[in-house]
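S.K.: This is the structure I want to talk about, given as structure tokens.
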Protein chains: 2
Amino acid sequence: MDFARYVDARRAEIEQALAAALPAPPACPRVVADAMRYSLSAGGKRLRPILCLASADAVGGPRALAMPAACAIELIHTYSLIHDDLPAMDNDTMRRGRPTLHVVAGEAIAILAGDGLLTEAFRLMARLPESADPAIAARKLRAIQVVAEAAGAAGMVGGQALDIAGGASADDPLDDAGGQLRALHSRKTGALIRAAATAGAVMAGADAPAVGGIDAAAAEFGLAFQIVDDVLDIEGAPATLGKTAGKDAASGKRTYASLYGIEGARCMAADCLERAERTLRSAGLADSALMDIGRWIVNRSN
Amino acid sequence: MDFARYVDARRAEIEQALAAALPAPPACPRVVADAMRYSLSAGGKRLRPILCLASADAVGGPRALAMPAACAIELIHTYSLIHDDLPAMDNDTMRRGRPTLHVVAGEAIAILAGDGLLTEAFRLMARLPESADPAIAARKLRAIQVVAEAAGAAGMVGGQALDIAGGASADDPLDDAGGQLRALHSRKTGALIRAAATAGAVMAGADAPAVGGIDAAAAEFGLAFQIVDDVLDIEGAPATLGKTAGKDAASGKRTYASLYGIEGARCMAADCLERAERTLRSAGLADSALMDIGRWIVNRSN
């Protein structure tokens, strides 16, 4: 299997499903419909939804069952970027090479568009796929729980709150600085990546050992993702990243790169990948697009 | 049945369930756990969750099945107040007689606490009540859809966006100003009130005619609620309201009171109540706490 073609094919399916996922005028006022679409259509890698579908593929389940969860997770990822970019938060004016939503639509509409995307995510997961099968209903409820737990106050929202509240600034005492960083990022970025893979497996009807293996491997993917993000913040060119490079260093934020050096951080990411592969191999799931996504996360340049 | 005692009993049950509904440290970082609880515990009438439980009672279903939806709707109501109060939105500094969350915790944490409450609402509805009964699973998925649709971009979020974007200012051309006001408020306040009643009936296992009747009656309750809100904004004393009175008039916002006068608005609210009673009566549901809640909405002083 050619992984690049796999990614392109999944991405095309996802773009199509995302385009149909949101309410439109006249049911939805144009001002908020346009704002949600502006941010959702800004591109991005669609890493999380592709991961969700690849996870369903890895366990041999029907990929279509995982598509609503895949889209929901991208809606949630998009809302989190909109809110994180707000002046009261990270105050970013560029994202994916375009002005951020609050710059073009104002803060109030940006807050509301984020709220709308988050809410639509759960509506989508509860609604689709349409099915009277009790087994599918049970999977949907479980997937909603997985996603909500990852996105909520104990997950992504909690991670951003720790970040804002200065839970891992370079001025913290250095004892267990790595542990603090991990506590922050396992929530802020790791939880949703992990939920993407887990929800895909759940929707595809995977048994408990497979779900557990995928969950553990995806936790490694999530950690590797953040480590590589920190490295790219230093090494990357703004044109490739589509956002301001060097921002973390400039703000004195503690990162994996600042704590362990670029080489050390790269080694950590490689270790994550190795652990993930071992986990997936023992679950019989290593020869999969899922594992290729782990390699993509570590070797990407944006 | 003594309605005041009914309300007190339901409110006590709801407070107990709400106190257990949110994640706590160490799973959830303290900064966001405290912020969510600050706003959730600020009191308020608990109108929406009581309405949800009364709806379950009206159709004779087990009230306990509706409790998670009742709590979820109060979490969503609370998040919407936090976000609406933000400087970028209505810029309110007092709410329920206390400083608003962004005043005490900062804007970033207020945004995140709102995001957290919204996310936890769906986690709660997907998780509880625990049951392996396929019928219950189907009800939960339906209730999640009802609530998400009411809270989302076509509902409450869309209504607030219309309000922010000036969809109903006193400077608009006057043709069909009442229609515009209704389009705004049926979303901004009406949708969640309606969803509270509908979700309660759905969770209690009501049949389609009962759900339809309750939905229609609750739409009247929602409209009456907003009309009375507008009247109280002019007539009410700040100490009773727990928020700044006269704010709508001062900001030149078009309201039911400004459009139809206080007496006219009061008549409209009474008409809503009459239509709701007729609807509930033909569904055999008029002799219920549900109908008493309609009377409470119209006759309240805060």
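S.K.: Only one residue in B:115, B:92, B:84, B:163 is touching a helix residue (DSSP H, G or I) at 6+ places or on another chain (Cβ under 7 Å), surrounded by fewer than 23 Cβ atoms within 10 Å (Cβ to Cβ) and within 23 Å of residue A:151 (Cβ to Cβ), so which one is that?
M.R.: So the residue among B:115, B:92, B:84, B:163 that is touching a helix residue (DSSP H, G or I) at 6+ places or on another chain (Cβ under 7 Å), surrounded by fewer than 23 Cβ atoms within 10 Å (Cβ to Cβ) and within 23 Å of residue A:151 (Cβ to Cβ) is B:84.
S.K.: Continuing with the same structure: Regarding the stretch B:159-176, can at least one residue be identified that is modelled with pLDDT of 95 or more, outside any helix (DSSP H, G or I) and closer than 24 Å to residue B:269 by Cα?
M.R.: Within the stretch B:159-176, none of the residues are modelled with pLDDT of 95 or more, outside any helix (DSSP H, G or I) and closer than 24 Å to residue B:269 by Cα.
S.K.: Only one of these conditions is not met by residue A:201: (1) at pLDDT below 95; (2) of a type outside the set (S, T, N, Q); (3) surrounded by 17 or more Cβ atoms within 10 Å (Cβ to Cβ). Which number is it?
M.R.: Result: residue A:201 passes all but (1).
S.K.: Is it true that some residue in the stretch B:118-127 is out of contact with any Phe, Trp or Tyr (no Cβ under 7 Å at 6 or more places or on another chain), surrounded by fewer than 22 Cβ atoms within 10 Å (Cβ to Cβ) and within 23 Å of residue B:27 (Cα to Cα)?
M.R.: For the stretch B:118-127, residues out of contact with any Phe, Trp or Tyr (no Cβ under 7 Å at 6 or more places or on another chain), surrounded by fewer than 22 Cβ atoms within 10 Å (Cβ to Cβ) and within 23 Å of residue B:27 (Cα to Cα): present.
S.K.: Got a sec? Which of A:81, A:118 is at the interface with chain B (Cβ under 7 Å from one of its Cβ atoms), closer than 29 Å to residue B:103 by Cβ and either touching a Lys or Arg at 6+ places or on another chain (Cβ under 7 Å) or among the aliphatic types (A, V, I, L, M) (or both)?
M.R.: None of the other options fit; the residue is A:118.
S.K.: How about the stretch B:146-167: which of its residues are in contact (Cβ under 8 Å) with a residue 40 or more places away in the chain, out of contact with any Leu (no Cβ under 8 Å at 6 or more places or on another chain) and within 7 Å of chain A (Cβ to nearest Cβ)?
M.R.: Hit for the stretch B:146-167 is B:149, nothing else.
S.K.: Give the residues of the stretch A:38-63 that are surrounded by fewer than 21 Cβ atoms within 10 Å (Cβ to Cβ) and within 14 Å of chain B (Cβ to nearest Cβ), sorted by residue number.
M.R.: A:38
S.K.: Ok, one more. Quick one: residue A:119 ticks every box in (1) in contact (Cβ under 8 Å) with a residue 12 or more places away in the chain; (2) within 28 Å of residue B:124 (Cα to Cα) bar one, so which box is it?
M.R.: (1)
S.K.: Does the stretch A:48-67 hold any residues that are assigned to a helix (DSSP H, G or I) and among the small types (Gly, Ala, Ser), and which are they?
M.R.: Answer for the stretch A:48-67, where residues must be assigned to a helix (DSSP H, G or I) and among the small types (Gly, Ala, Ser): A:54, A:55, A:56, A:58, A:64, A:66.
S.K.: Still on this model: Spot the failing condition for residue A:261; the list is (1) at pLDDT 95 or above; (2) more than 30 Å from residue A:144 (Cα to Cα), and only one is missed.
M.R.: With respect to (1) at pLDDT 95 or above; (2) more than 30 Å from residue A:144 (Cα to Cα), residue A:261 is out only on (1).
S.K.: Name the residues in the stretch A:22-37 that are facing another protein chain (nearest Cβ under 7 Å) and in a helix (DSSP H, G or I), would you?
M.R.: Of everything in the stretch A:22-37, those that are facing another protein chain (nearest Cβ under 7 Å) and in a helix (DSSP H, G or I) turn out to be A:31, A:32, A:33, A:36.
S.K.: Consider residue B:94 against the criteria (1) within 30 Å of residue A:86 (Cα to Cα); (2) more than 10 Å from chain A (Cβ to nearest Cβ); (3) modelled with pLDDT of 95 or more: it satisfies all of them except one. Which criterion is unmet?
M.R.: For residue B:94, the failing item is (3).
S.K.: Could you grab the pairs with beta carbons closer than 9 Å, sequence gap of 6+ or different chains, first residue in the stretch A:128-145 and within 8 Å of chain B (Cβ to nearest Cβ) and part of a helix (DSSP H, G or I), second one hydroxyl-bearing (Ser, Thr, Tyr) and surrounded by fewer than 21 Cβ atoms within 10 Å (Cβ to Cβ)?
M.R.: Listed pairs, sorted by first residue: A:137/A:131; A:140/A:131.
S.K.: Residues to consider are B:68, B:25, B:29, B:99; find the one that is free of Cβ contacts under 8 Å to residues at least 24 places away in the same chain and surrounded by 23 or more Cβ atoms within 10 Å (Cβ to Cβ).
M.R.: Result: B:29 is the single residue among B:68, B:25, B:29, B:99 that is free of Cβ contacts under 8 Å to residues at least 24 places away in the same chain and surrounded by 23 or more Cβ atoms within 10 Å (Cβ to Cβ).
S.K.: While we're on this one: Within the stretch B:97-115, restricting attention to residues that are in a loop (DSSP other than H, G, I, E, B) and more than 10 Å from chain A (Cβ to nearest Cβ), which residue is modelled with the highest pLDDT? Full working, then the answer.
M.R.: Here is the first cut: in the stretch B:97-115, the residues in a loop (DSSP other than H, G, I, E, B) are B:97, B:100, B:106.
Now narrow it down to the ones that are more than 10 Å from chain A (Cβ to nearest Cβ): B:97, B:100.
Values: B:97: 88, B:100: 97.
Residue satisfying both the conditions and the ranking: B:100.
S.K.: Related question: Evaluate the following for residue A:130: is it of a type in the set (Asp, Glu) and within 20 Å of residue B:152 (Cβ to Cβ)?
M.R.: Criteria met by residue A:130.
S.K.: Filter the stretch A:38-47 down to the residues that are assigned to a helix (DSSP H, G or I), closer than 17 Å to residue A:113 by Cα and under 18 Å from the mean Cα position of the chain (by Cα) and list them by number. Walk me through how you get there before you give the answer.
M.R.: Here is the first cut: in the stretch A:38-47, the ones assigned to a helix (DSSP H, G or I) are A:38-40, A:47.
From what is left, the residues that are closer than 17 Å to residue A:113 by Cα are A:38-40.
Across the stretch A:38-47, the qualifying residues are A:39, A:40.
The values are calculated or read from the model by the stated rules, or taken from the named source; none is laboratory data. Note that this is a predicted model, so its numbers are computed, not measured. Neighbour counts run over all protein chains shown; Cβ positions are idealised from the backbone, glycine included.
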